[in-house]
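**Student:** First, the structure itself, so that you have it in front of you.
The values are calculated or read from the model by the stated rules, or taken from the named source; none is laboratory data. Note that the coordinates shown come from a computational prediction; the quantities given were computed from them, not determined experimentally. In this analysis, Cβ positions are derived from the backbone assuming ideal geometry, glycine residues included, and neighbour counts consider all displayed protein chains.
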Amino acid sequence: MTPRQTAIRIATLFYDAARRRFEAVVEFFAPGLPVPLRVPVTLAAPPGMSHAQLARALTREAARRGIGGL
């Protein structure tokens, strides 16, 4: 499954200020999957990170954890 074949959505996103990290659930939608693949992700990042950088970092980490072995 390549990123071009996969639609990605960050379903929930929380910032834990005490631990300075984001916690999210990233969903991967692809042809042939009956339900989206949901991958929980924790990412250490400053609260001022731009939305685009945060989305890329969360997606990369989720792909590494969830669909990297598919």
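**Student:** Any residue at all in segment 44-53 that is buried (at least 16 other Cβ atoms within 10 Å of the Cβ) and modelled with pLDDT of 85 or more?
**Tutor:** Among the residues of segment 44-53, not one is buried (at least 16 other Cβ atoms within 10 Å of the Cβ) and modelled with pLDDT of 85 or more, which makes the answer no.
**Student:** Go through segment 16-44 and give me each residue that's of a type in the set (A, V, I, L, M) and closer than 23 Å to Thr6 by Cβ. First the steps, then the outcome.
**Tutor:** If we filter segment 16-44 for residues that are of a type in the set (A, V, I, L, M), which is where we start, we get 17-18, 24-26, 30, 33, 35, 37, 39, 41, 43-44.
Within segment 16-44, Ala24, Val25, Val26, Ala30, Leu33, Val35, Leu37, Val39, Val41, Leu43 qualify.
**Student:** Sort out which residues of segment 20-63 are closer than 14 Å to Ile8 by Cβ and polar (S, T, N, Q), and write them in order of number.
**Tutor:** Once the filter is applied, which keeps residues that are closer than 14 Å to Ile8 by Cβ and polar (S, T, N, Q), segment 20-63 yields only Thr59.
**Student:** For residues in segment 16-44 being touching a Phe, Trp or Tyr at 6+ places or on another chain (Cβ under 6 Å) and part of a strand (DSSP E or B), which is farthest from Leu58 (Cα to Cα)?
**Tutor:** Among those that are touching a Phe, Trp or Tyr at 6+ places or on another chain (Cβ under 6 Å) and part of a strand (DSSP E or B), it is Leu37.
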